[in-house]
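No lab work stands behind these numbers, since they all come straight from the coordinates. Small disclaimer: the values here were computed from a predicted structure and weren't measured. Using ideal geometry, Cβ is built from the backbone for each residue, glycine included, and neighbour counts are taken over all protein chains shown.
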């Protein structure tokens, strides 16, 4: 006899789903639909007379070399920040998991950065890394002109990657730690009995066993660096110098909210949404195959 | 839960109903933040204390651009304020919005009795339609002036600020030779570099009188003296005479001037108070009119700052309350004098200016020469080129200019090529704007 809890009453089932569906509709489908509508019309800031322009907004977006620049910057940013923050978080988690003295304190403090809002992180990093007045200005005294994110695009890019990774490290750390702690001690101990060193055990036993978590974090980190990096860029570099840190999401903000060109911003939002969906799809389709769930 | 919400709503409705019986309320949104935002909030309080019929409910929106964004969003959901403070660059959006109650008409309908002729022409023209009707009330106004360090200039034997850009170039060279590490701090702000430069020299920024003639205007500043002006800046930077100072560097131009790092800068007169309050001890400095290309042909500089707009679609009672408020905050004594005393902004009418002068306002050692801004705004009759800028989505054009100047000043691009790019991309922005408002005539 099959044991499965089913609802014989469809209306009851629908009623249970309804609140969730309503939330998704109000906060996702409705705005997305509205954005799509704006993307195929020309929308004056104060509303009123939209005109249908078909794909003109998308053509404007795709014909703009500066737009492709922002796509390139966004992809590089997502990749660098994700790799950096996952690597650091994994390292921290592996060592905290070894229950070295004070690991409880580390567990708590490493998570703290994630509790900060992106603009706060941006403000802190702008101050620390400002070439004239920050802590890092000492470097410029020793080697004049070495570090200047206000004028050097590479420096600015490094700055936002550092800020984004730093913000995400805490979040990644907690997930890695939880995953590591769910690995039965006996497996590691058996490895130790067979003569595997600490580093060997980390590489050959612990890391392979947390790949499902790693995969989950890659998806979250990439998505976050696409959609939530706005605050950091706005405060530290404002997309400059010379568009070196103009992420797609920041370009949407400047075109839409500062420039009040809602249609152009809506078209870009649709493109960004498709891109994030596509990236997530690729990850599930191709990367997940290599992940072994226990 | 539902019952709670219902109760809460009833309570709010009752409460507002009870207050409405005493005072007519209306909403006022403003964009200024920080100290300046507090000055505006205080202005509201003073108005509310000055009478007992009306109450201004004033809300800071956390920035000029946010004030505009929020007002647009609120208007679209019919939750907009009655009066809103909008910055200079938002003027054209509001003129075309169809969402406003033009100031001249409002003043007429609600008997505001405003002497429109008393506004300084440079200010009046900026906020006026092409037919010369003012559609908003100038509130906090400023213009760009030249800040100079007297001691640094004394080292090269000068007791006066340079009158022309050529003279300033010579001064910078001499100061470098005299051991001044930084003669001039500048940034990539289009307001000082492009807009005020073009206005004071009567150089066109765009065709059709900088856009006042219609939405078909095209940018023209890649073919004017502006290009050479920027090349001069670049050569001063390369020669070590000048420095770029932005907030990303850790110090903006105002801070770099106030702490004595750089001997001169160009920024808003509104920073006059800030420099006094934050300056290095014993820094001796003064303000002067911006240098021009030809001292004999100086034209007026442009006004910056923000004005107050009345929004449409409110009740007669709210408009009466708003009228009383506008009367209070634009009057020479309770309005202009209050703003000038508490900020670096300048009076906007001849009456306000006379009142301040009679009070000995500019005799105060902290405010000496602050009225150079008025001299600069009234340096000539307003010409079609010094009148202002009326270009759609000008915020984006400013951002384009910033990006390209950053590329040119860091050597990634030739100056002419960079400015050509701005003009080309800016024109695409203008054409999109024109298309968005197809069939709408610029008032």
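Listing for the model above:
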{"quantity": "Single unsatisfied condition, residue A:217 versus (1) surrounded by fewer than 22 Cβ atoms within 10 Å (Cβ to Cβ); (2) away from chain B (no Cβ under 14 Å)", "calculated": "(1)"}
{"quantity": "Only listed residue being more than 25 Å from the chain's Cα centre (by Cα), within 14 Å of chain B (Cβ to nearest Cβ) and either farther than 26 Å from residue A:243 by Cβ or surrounded by 20 or more Cβ atoms within 10 Å (Cβ to Cβ) (or both), chosen from A:156, A:138, A:133, A:192", "calculated": "A:138"}
{"quantity": "Those residues of segment A:139-188 which are assigned to a helix (DSSP H, G or I) and more than 28 Å from residue A:92 (Cα to Cα), in sequence order", "calculated": "A:140, A:141, A:142, A:153"}
{"quantity": "Filter result for residue B:373 (within 18 Å of the chain's Cα centre (by Cα) and buried (at least 22 other Cβ atoms within 10 Å of the Cβ))", "calculated": "yes"}
{"quantity": "Conditions (1) within 11 Å of chain B (Cβ to nearest Cβ); (2) in contact with a helix residue (DSSP H, G or I) (Cβ under 6 Å, 6 or more places away or on another chain); (3) crowded, with 21+ Cβ neighbours inside 10 Å: number failed by residue A:164", "calculated": "(1)"}
{"quantity": "Hits in segment B:234-249 (condition: more than 14 Å from chain A (Cβ to nearest Cβ) and surrounded by 16 or more Cβ atoms within 10 Å (Cβ to Cβ))", "calculated": "B:236, B:241"}
{"quantity": "Set A:264, A:272, A:279: member being within 15 Å of the chain's Cα centre (by Cα) and closer than 27 Å to residue B:63 by Cβ", "calculated": "A:272"}
{"quantity": "Segment A:236-255 - residue that is part of a helix (DSSP H, G or I) and facing another protein chain (nearest Cβ under 9 Å) and, of those, farthest from residue B:76 (Cα to Cα)", "calculated": "A:236"}
{"quantity": "Residue in segment A:110-117 that is exposed (fewer than 12 other Cβ atoms within 10 Å of the Cβ) and under 30 Å from residue A:203 (Cβ atoms) present", "calculated": "yes"}
{"quantity": "Single residue of B:160, B:195, B:151 found to be away from every other protein chain (no Cβ under 14 Å), surrounded by fewer than 22 Cβ atoms within 10 Å (Cβ to Cβ) and outside any loop (DSSP other than H, G, I, E, B)", "calculated": "B:151"}
{"quantity": "All positions within segment A:256-287 that are within 12 Å of chain B (Cβ to nearest Cβ) and either assigned to a helix (DSSP H, G or I) or touching a residue at least 12 places away in the same chain (Cβ under 8 Å) (or both)", "calculated": "A:256, A:257, A:258, A:260, A:262, A:263, A:264, A:265, A:267"}
{"quantity": "Breaking point among (1) touching a residue at least 40 places away in the same chain (Cβ under 8 Å); (2) farther than 30 Å from residue B:429 by Cα; (3) surrounded by fewer than 21 Cβ atoms within 10 Å (Cβ to Cβ), for residue B:182", "calculated": "(3)"}
{"quantity": "Residue in segment B:261-272 that is out of contact with any strand residue (DSSP E or B) (no Cβ under 6 Å at 6 or more places or on another chain), part of a helix (DSSP H, G or I), within 14 Å of chain A (Cβ to nearest Cβ) and buried (at least 20 other Cβ atoms within 10 Å of the Cβ) present", "calculated": "no"}
{"quantity": "Count of residues meeting criterion [in contact with a helix residue (DSSP H, G or I) (Cβ under 6 Å, 6 or more places away or on another chain) and either part of a helix (DSSP H, G or I) or on the phi > 0 side of the Ramachandran plot (or both)] in segment A:116-138", "calculated": "8"}
{"quantity": "Selection within segment A:36-95 - surrounded by 18 or more Cβ atoms within 10 Å (Cβ to Cβ), under 30 Å from residue A:171 (Cα atoms) and within 14 Å of chain B (Cβ to nearest Cβ)", "calculated": "A:70, A:73"}
